Amino acid sequence: MGEIHFVGLPEDKFIEEALSIVEKAKGMGIQLRLIGALAIYIHSDNCPICREKFRTLGRFGEGQPLFTDLDLVGYGKQRKDIKKLFEQTLKFKPDFYINRLFGTRRHIYYHPQGYYHVDVFFDKLEFSHDVDLKKRLELDYPTISLADLVLEKTQIHEINRKDIVDLIVLFLGHEVGEKQEKEIIDGKYIAKVLADDWGFYYDATNNLKLVKRFSESFVKEGKLSEEECKTVVERVDKLLEMIEAEPKTRKWRKRAKVGTKKPWYRVVEEVVR
């Protein structure tokens, strides 16, 4: 399809539209959840200082809209219903090329007025490492769970500053616990996932260490207080301890012996729209 120019929406309007889409899906019996930075932003609604940190730490460009596209995840078994939601109910324009080529894994839709595009992933996020979301969408609403958000961000092999900022905000606003709760990061679940996949474990633990390093550097830059940094570091350390303590599977131990001699991550190519 031809080149599309997105004009962007004000932050409050974008969030309102995103929540409206998830709510409409719910009304049709469809499980759709927000992922990425927007999901973390929404989870920070009980932590005003966390939302402020998105800008303070340079997550968003000066003068630019906070959000320019919408990322969602749904179940593959509801693919036809999701297609109906976007094309018939919401009147979004499908990306025929992408939807045919990657249809079992991903759909892309364009806002009828060209405000933004929507990526819908099915069952799992397949990037540097897989984040399996089958049977997990019901754990939270309107976003995926906090544990899955941590996995989504830490699976990135070549993590960038924006994703590190997302993790800092997430840990600043939420404690790490031993089980699934609405506003608690389920460290036990994260540890179990990483205990079965050495490559994911390797990148995730390195990325968590980067979160600590960046937090300390942000203190020097005056963008985080000593107390805020302490909170983030303590929570990341707690998660790292849980990850290390979790018994590793035979598959994990076998792959660990090979280490970085062979590629341990998937090379992610940007989808051309």
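The values are calculated or read from the model by the stated rules, or taken from the named source; none is laboratory data. None of the values given here were measured: they were computed from a predicted structure. All Cβ positions, glycine included, derive from the backbone under ideal geometry; neighbour counts span all protein chains shown. Keep in mind that these areas ignore ligands, DNA and RNA; they rest on the heavy atoms of the full protein, side chains included. Shrake-Rupley method; radii C 1.70, N 1.55, O 1.52, S 1.80 Å.
In table form, for the structure just shown:
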read-out: Tabulated pairs, the range 239-252, first of a type in the set (D, E, K, R), second surrounded by fewer than 19 Cβ atoms within 10 Å (Cβ to Cβ) and part of a loop (DSSP other than H, G, I, E, B), C-beta under 9 angstrom, 6+ apart or interchain; value: Lys248/Asp196; Lys251/Asp196
read-out: Among (1) within 18 Å of the chain's Cα centre (by Cα); (2) open to solvent by 40 Å² or more (accessible area, probe 1.4 Å); (3) of a type outside the set (D, E, K, R) - the single one Tyr201 does not satisfy; value: (2)
read-out: Residue within the range 206-228 that is among the acidic types (Asp, Glu) and touching a residue at least 40 places away in the same chain (Cβ under 8 Å) present; value: yes
read-out: Residue list for the range 43-62, filter: touching a helix residue (DSSP H, G or I) at 6+ places or on another chain (Cβ under 7 Å) and closer than 30 Å to Gln78 by Cα; value: His43, Ser44
read-out: Residue in the range 107-153 that is surrounded by the most Cβ atoms within 10 Å (Cβ to Cβ), counting only those that are part of a loop (DSSP other than H, G, I, E, B) and small (Gly, Ala, Ser); value: Ser145
read-out: Qualifying residue in the range 249-262 (condition: open to solvent by less than 50 Å² (accessible area, probe 1.4 Å), closer than 30 Å to Asn99 by Cβ and in contact with a helix residue (DSSP H, G or I) (Cβ under 6 Å, 6 or more places away or on another chain)); value: no
read-out: Evaluation of Lys223 against (1) farther than 21 Å from Asp132 by Cα; (2) in a helix (DSSP H, G or I) (one fails), failing number; value: (2)
read-out: Filtered residue count, the range 159-183, keeping only those that are open to solvent by 40 Å² or more (accessible area, probe 1.4 Å) and closer than 18 Å to Ile144 by Cα; value: 7
read-out: Filtered residue count, the range 260-273, keeping only those that are touching a residue at least 24 places away in the same chain (Cβ under 8 Å) and either more than 27 Å from Asn160 (Cβ to Cβ) or assigned to a helix (DSSP H, G or I) (or both); value: 1
